[in-house]
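Data block below; observations after.
Every number in this text was worked out from the coordinates using simple rules, so none of it is lab data. Source: prediction; values computed, not measured. All Cβ positions, glycine included, derive from the backbone under ideal geometry; neighbour counts span all protein chains shown.
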Amino acid sequence: MNSSQDFGKVAAQIFILGCIMLGLGPLALFVLSRGALGALQFDSSVWDVLWFTLKQASLSTVLSVIPGLLIARALARRDFAGHAWVLRLFAIPTALPAIVVILALAQIFGTKGPLGGVFSFYGLGGILLAHVFFNLPLAVRLFYEASENTAAENFRLAAQLSFSDWAVFRHVEWPVLRNVVPRVSALIFLLCAASFVIVLTLGGPEATTLEVAIYQSLRLDFDVGRALALGFLQIGLCFILVALSGQVMLKNFTPPPQHLVQKRFDGNHPLARLRDCGLIAAGVLFVAPPLLALLVAGIWQLEPSAQLFSALTFSFGIGAGSAVLALVLGWKIAQSHEILSQNLSLAALIVPPAVMATGWFILLQGTGDTAPVVLLTIIVLNSLMALPFVVAIFAPVFDRHLLWHDKLCQQLGMNGWQRLTKIDLPLMRRPLLQAGLLAFVLSLGDLTAITLLGNQGVVTLPSLIQSQMGHYRGEAAQGSALVLAIISLGLSAFAQKLGRGHVID
Amino acid sequence: MLLIENGQFNRRHFSLAIDLHVKPDCFCAVLGGSGSGKSTLLSIIAGFETLGSGTLHLDGADMQGVAPSARPVSMIFQDHNVFAHLNVHDNVALGISPSLRLTEEEDATVCEALARVGLSHHMLRMPGAISGGERQRVAVARVLVRKRKILLLDEPFAALDPGLRHEMLDLIKDLRRENGLMVILVTHQPDEAQRAADHIIFLANGLVREPVSVETFFQMQGDKAIETYLGKWR
């Protein structure tokens, strides 16, 4: 690595560390000024919040992973017209902003929906429903991809050796899935434990997670002692989860087989066919109706208004800024190939955005809360939240890139600008665009940063939807949500398409 | 005996016409350029792919709609012939019982097969702890316990060193003689075919040719497809 790359790496590290310190610093100073750690309030309500966080995350994980595993297996065994469309349907919830998903689910399970009386849409039931709606399709796709990575010869061998369904699962499928199940479970648990928008919207006093409780303590009650106690618990919890999921990923890494499965010979019994079809139908019936209901409801409410255009402008501006910053930071971190740097990119997963944003909020109180400052902080927080995903896209490409081209560039004396424009940028064009689009979409649908840092002068599309929902303008919210859903889905689909083709050989 | 009549296999950019008659104790090598359909031919015989039209008979029985496990066929692939989570003994035992519940007699059969391929001392080892050649021996031992009359080999020794490859081919030749097997070996190496097989099945231009003796095949003059395939090797 040359000196300009070193400088960039150190600058990126300092920037991320600075953001964390500027968030934690003011809070630490506050605690010290109140007589050190005595100010922390670990009372029973704090432990109740921790218990609820763990309970809802565990239940969401179990309810997503087990059905996800069964549906993925059914999809892997069956080949039918529309198979690809079912997989595409399962990709939609992941690409949608949380506020859009809540509105979609409300069409079916809300008080006015056809299944409105089945259970309370608010509280634990609603939170679990929304988390499962997001994560069940994610689990299906991840398990399906894993089973597609099974060596074709294993299924042929099983067919030749007359394996029963159970033997196929035990000897062929499970050895592959057992590496993936802990990883997917850890990922879903982490996402649910750190969930903010869903819990803020559907939760209540009895149904609050650490992340939301931190926000409520600081922004509604200004109870810094309680917020810090919650913040420490959240940091500890997320640190353990991120470390565990990292361990699981490292421990179970195996190179993919050369010949991937193309045809399955198991599950030909009529009962197995019936069970698989039932599982696939149940999955489709869980995911499709809320999305269709939102589409039908929203299409009649699409009204171009000045408010909508203003929100779109803010959203696009913040999205573009966040994407550029996340790309610059992600590039430098992925290029460094250092564990320390790559762990720093997980900052926003470990240090709760609510804690970071509150520190900044305290610092900025004297600046007059002007729109440019607010916009800047939202952009920085959004870029930090997108950073782990950007680094995940860049790192493997840089690994191969470095392996193949670094020595050649050194031999040819290509450094700095010359190498960047002639070698790195042309090679990284697709991953750059893919990561940029992903960061942009994440920022576009973000309600966390805008809730924590926003003011009345800055209204993005998600915050407009939230405000319309809060002011009993549900119809207008449906129209705005449809606009947000279409943009997010379009860009995500494009990013995915780019991702499939960014092999640089 | 293997008999394929008027066989036609079609995929989007690939088709194969097959008329083939192989005698019961024949050792055939399948030769042909990359992408000519050598592995597809074995997959059709094993039941992993089905003919679009035509008939396939094995030992006189029509194989239309017969599952791979019910055919008198064992197949060894280039890779992934063993399950990584089962030890050597259990990998062979799968050939007798997929539930791995063996009688004493069956267990003795597994031990005999492992002894025959020289792996008695590695019986309890995991596949990760033995060499590539030994892993292929495990697959051969499983073929022995399955007692099927036809053995299909889809380049199973391609990744092995030349010495080890010859050793494995000699083992297959011995097993064929001892058990009266029909062996069909897909290979990219003409010298391997010359050393092990008594007949050659040649694939070119979407056509599977009838087997000819090894001597005839390598002395054939004026056949453009064979001359292009062998090039200066001959």
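Axis angle, to the nearest 10 degrees, between helix B:104-116 and the longest C-alpha principal axis of chain B: 60 degrees. Put a dot 7 Å past the Cα of B:Leu102, heading toward its Cβ, do the same for A:Lys112, and the two dots end up 6.9 nm apart. Average 1/r across all pairs of distinct alpha carbons in the protein assembly as shown, invert it, and you get the Kirkwood radius: 29.7 Å. Pairs of C-alpha atoms in region B:82-147 farther apart than 21 Å represent 10 percent of all such pairs.
With bins 5 Å wide beginning at 0, the percent of Cα pairs of region A:40-289 falling in each bin runs 1, 6, 12, 15, 16, 14, 12, 9, 7, 4, 2, 1, 0, 0. Rounded to the nearest 0.05, the FRET efficiency derived from the C-beta distance between A:Asp6 and A:Phe239 at R0 = 25 Å is 0.35. Each 10 Å bin from zero up to the one holding the largest Cα-Cα distance in region B:117-167 carries the following percent of pairs: 22, 53, 26, 0.
Angle of helix B:132-146 to the longest C-alpha principal axis of chain B, folded into 0 to 90 degrees and rounded to 10: 90°. The B:Ala158 and B:His85 beta-carbon pair, evaluated with R₀ = 25 Å, returns a calculated FRET efficiency of approximately 0.50.
Here region B:148-227 and region B:57-121 have alpha carbon centers that stand 23 Å from each other.
Between A:Leu220 and A:Ser120, what is 0.36 nm times their sequence separation minus the Cα-Cα distance? Round to one decimal in nm.
Numbers: separation 100, 0.36 × 100 = 36.00 nm, distance 2.54 nm.
This chain segment gains 33.5 nm when fully extended.
In a DSSP loop and with at most 11 other Cβ atoms within 10 Å, the chymotrypsin sites (Phe, Trp or Tyr not before Pro) in region A:47-110 are A:Phe80. For the residues of B:66-78, the average number of beta carbons from a partner chain within 10 Å of their own beta carbon is 3.
Within the same chain, lysines fewer than 8 places from B:Lys173 are excluded, and of the rest, those with a Cα less than 26 Å from its Cα are B:Lys23, B:Lys38, B:Lys147, B:Lys149. Across peptide A:157-168, the average count of Cβ atoms from other chains found within 10 Å of a residue's Cβ is 6. Peptides B:204-210, A:481-487, B:216-222 ordered by packing proxy, namely the average of other Cβ atoms within 10 Å per residue, highest first: A:481-487, B:204-210, B:216-222.
I need the peptides A:374-380, A:301-307 ranked by packing, meaning the mean over residues of other C-beta atoms within 10 angstrom, with the highest value on top. Walk me through the numbers before you get to the answer.
Values: A:374-380: 21.6, A:301-307: 12.1.
With the highest mean Cβ count within 10 Å placed first, the list reads A:374-380, A:301-307.
What helices does chain A hold that run 20 Å or longer along their axis, going by alpha-carbon atoms, with a Kyte-Doolittle average of -0.5 or more, using DSSP H for the helix calls? Span-like helices, by this rule, are A:3-33, A:44-77, A:124-148, A:174-193, A:224-251, A:270-299, A:306-336, A:371-412, A:425-444, A:474-500.
Remark: chain B is approximated by an ellipsoid whose semi-axes, taken from the C-alpha gyration tensor as √(5λ), come to 31, 21, 15 Å, largest first. Averaging the Cα positions of each part gives two centres, and for region A:87-142 and region A:143-220 these lie 17 Å apart. A simple spin-label model places the labels of B:Met123 and B:Thr55 4.6 nm from each other, with each point 7 Å out along Cα-to-Cβ. Positive-end ranking of A:Phe133, A:Pro426, A:Leu376 along the dipole of chain A, with charges on Cβ about the Cα centre, is headed by A:Pro426.
Taking label positions 7 Å along the Cα-Cβ direction at both A:Trp47 and A:Ser33, the computed distance is 3.2 nm, reported to one decimal.
Consider a paramagnetic label point 7 Å from the Cα of A:Leu295 along Cα→Cβ; state which residues of region A:465-496 have an amide N under 12 Å from it. Only A:486 fall inside the zone, counting backbone N under 12 Å.
Of the trypsin sites (Lys or Arg not before Pro) found in region A:46-126, the ones in coil according to DSSP and having at most 11 other Cβ atoms within 10 Å of their Cβ are A:Lys112.
Once the Cβ-Cβ distance of A:Leu274 and B:Ser131 is raised to the sixth power relative to R0 = 60 Å, the FRET efficiency obtained is 0.85.
Once the Cα-Cα distance is subtracted from the 0.36 nm per residue extended length, the A:Thr94 to A:Ser162 segment shows a gain of 20.6 nm.
By the count of neighbouring beta-carbon atoms within 10 Å, fewest first, A:Ser341, B:Ser34 end up ordered B:Ser34, A:Ser341.
In terms of other Cβ atoms within 10 Å, A:Tyr144, A:Tyr472, A:Tyr215 run from fewest to most in the order A:Tyr472, A:Tyr144, A:Tyr215.
Residue by residue along A:146-156, Cβ atoms of other protein chains within 10 Å of the local Cβ number 3 on average.
Annotation note: GluC sites (Glu not before Pro) in region A:138-212 located in DSSP loop regions with a Cβ neighbour count of at most 11 within 10 Å are A:Glu206. Where does the Debye-calculated log10 I(q)/I(0) of region B:23-111 sit at q = 0.11, 0.15, 0.17, 0.20 Å⁻¹, using only Cα point scatterers of equal weight, no solvent? Those come out to -0.45, -0.79, -0.95, -1.11, one per q. Here the peptides B:60-68, A:225-233, A:20-28, A:183-191 are ranked by packing, the mean other Cβ count within 10 Å, and the order with the highest first is A:225-233, A:183-191, A:20-28, B:60-68. In plain terms, the bigger the Kirkwood radius, the slower the diffusion; for region B:137-220, with that radius from Cα pairs, at 37 °C and 0.692 mPa s, Stokes-Einstein puts D at 238 µm²/s.
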